[in-house]
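One structure is given here, and the rest of the page talks about it.
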Amino acid sequence: MQGLKIKITKTAELEQPTSAQIVASIDDLLLEILLRLPITSLLCFKTVSKHWLSLITNPKFSVLCHPNPNPALGLFLPSTSVLKPKFDYVHFDSQNPTNPPFKKLKFTKDPFGITILQSCNGLLLCCSNRIRQPINYYVYNPTTKHYTTLPKSLLGTENSKIHGLSLAFDPAKSPHYRVICIRDSELSPQHYQIEIYSSETGPWRLSGGPFIADVNFSTGVYWNGSIHWISTNGNSNSLCYNIDLESLGVMPMPHVPDNNISLTTTYFGESCDHLHLIQISNPQIQFDVYEMKRDYSDWFVKYKAIRYNLVSKTFQKLCDDEVGDEQVCFLSAAAAFEYIQSLCCV
């Protein structure tokens, strides 16, 4: 009997995965790589695949990507034009300047243009130009070009005037932001009422009861977990609102020397996680740059003054870090809004 012959066909060797495929298949390893890339690269890599898109746009990724607030790349300076506002841009790195993110805000159609109210860790709080009624309010991310229109206020009646809105966003703590609105109280005449909007929970809601204050609610500044408003009465205490506790507190103002006739506040804002205040003393036309201690115990004179030439695009230091008793001639001051790159979803 002839032996049975069996023909065995060799199967093709299995393809070995490449190093790139191995990395792409391990989320933890892929995340470690993505976390080390600049934001401009991450915006491009969102188009690689749906999987990469889901990783990069996950709210938790933006917190992991930048556990500390990013440094500002430049400043938006509003023009003096009332109709359809424009913005000049000052880049902090004069050696490697980049194109400004925008000159006009065009993320939504608005016949009278859009202006900036506040910048906060990469997000901009914006509104319709104030010659238009009713006013729409927006939160805009200039890095991702995404925005959201804030819903109508809970107290949005003709008799309930808005005195100011402030944005609170700390990407090191949460991917979500909150907007604080100060309105006239409908229950108590000549009192104020606080409303809060959260990107996490949605609609506006009331916070606390009616209160009285003598501060400028149009220039709120987020710092140290609170919104701060400065006094309109010189040396009186200012106001701060703790976001997590939803409680109001007081903040001292710098001491006014007896020989000063008057003081004018030209800047109040946050920079590199510090709260700063610039005041001009008349009639000498000189200014001091103050910084608030984190425990709110006092302001102290600090910081170097720098002059920026818009024509030559050069910086010049006017004085040392510790100003002390030195005095610097003051020429002009204008509203300025920091540009900080952020992946935050709005």
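The values are calculated or read from the model by the stated rules, or taken from the named source; none is laboratory data. Note that this is a predicted model, so its numbers are computed, not measured. Here the Cβ positions follow ideal geometry from the backbone for every residue, glycine too, while neighbour counts run over all protein chains shown. We work out accessible area using only protein heavy atoms, side chains counted, and drop any ligands, DNA or RNA first. Shrake-Rupley method; radii C 1.70, N 1.55, O 1.52, S 1.80 Å.
Residue count for segment 76-99 under the criterion of being under 20 Å from V346 (Cβ atoms) and out of contact with any Lys or Arg (no Cβ under 9 Å at 6 or more places or on another chain): the result is 1. Evaluated against (1) touching a Lys or Arg at 6+ places or on another chain (Cβ under 9 Å); (2) modelled with pLDDT under 90; (3) under 27 Å from S271 (Cα atoms), S153 falls short on exactly one condition, (3).
Can you tell me which residues in segment 140-173 are of a type in the set (S, T, Y) and closer than 26 Å to L75 by Cβ? Answer for segment 140-173, where residues must be of a type in the set (S, T, Y) and closer than 26 Å to L75 by Cβ: Y140, T143, T144, Y147, T148, T149, S166. Please determine whether any residue of segment 169-177 is part of a strand (DSSP E or B) and not β-branched (V, I, T). Within segment 169-177, none of the residues are part of a strand (DSSP E or B) and not β-branched (V, I, T). The residues of segment 36-48 that are in contact (Cβ under 8 Å) with a residue 12 or more places away in the chain and surrounded by 13 or more Cβ atoms within 10 Å (Cβ to Cβ), listed by number, are I39, L42, L43. Considering every residue within segment 217-229, establish whether at least one is within 20 Å of L123 (Cα to Cα), among the small types (G, A, S) and open to solvent by 40 Å² or more (accessible area, probe 1.4 Å). Taking every residue of segment 217-229 in turn, at least one turns out to be within 20 Å of L123 (Cα to Cα), among the small types (G, A, S) and open to solvent by 40 Å² or more (accessible area, probe 1.4 Å). Looking only at segment 197-207, count how many residues are surrounded by fewer than 16 Cβ atoms within 10 Å (Cβ to Cβ) and either of a type in the set (A, V, I, L, M, F, W, C) or over 25 Å from the mean Cα position of the chain (by Cα) (or both). Within segment 197-207, residues that are surrounded by fewer than 16 Cβ atoms within 10 Å (Cβ to Cβ) and either of a type in the set (A, V, I, L, M, F, W, C) or over 25 Å from the mean Cα position of the chain (by Cα) (or both) number 1. Filtered by the rule that a residue be closer than 18 Å to P151 by Cα, part of a strand (DSSP E or B) and not charged (D, E, K, R), segment 197-213 gives Y197, S198, G202, P203, W204, L206, S207.
Against the definition (assigned to a strand (DSSP E or B), within 20 Å of E270 (Cα to Cα) and open to solvent by less than 50 Å² (accessible area, probe 1.4 Å)), how does I194 come out, yes or no? Criteria not met by I194.
Could you tell me which numbered condition P171 fails, if it satisfies all but one of (1) open to solvent by 40 Å² or more (accessible area, probe 1.4 Å); (2) within 30 Å of M253 (Cα to Cα)? Answer for P171: the failing condition is (1). Considered as a group, the residues in segment 104-131 that are surrounded by fewer than 18 Cβ atoms within 10 Å (Cβ to Cβ) and touching a Lys or Arg at 6+ places or on another chain (Cβ under 6 Å) include one that is nearest to Y222 (Cα to Cα), and that residue is K104.
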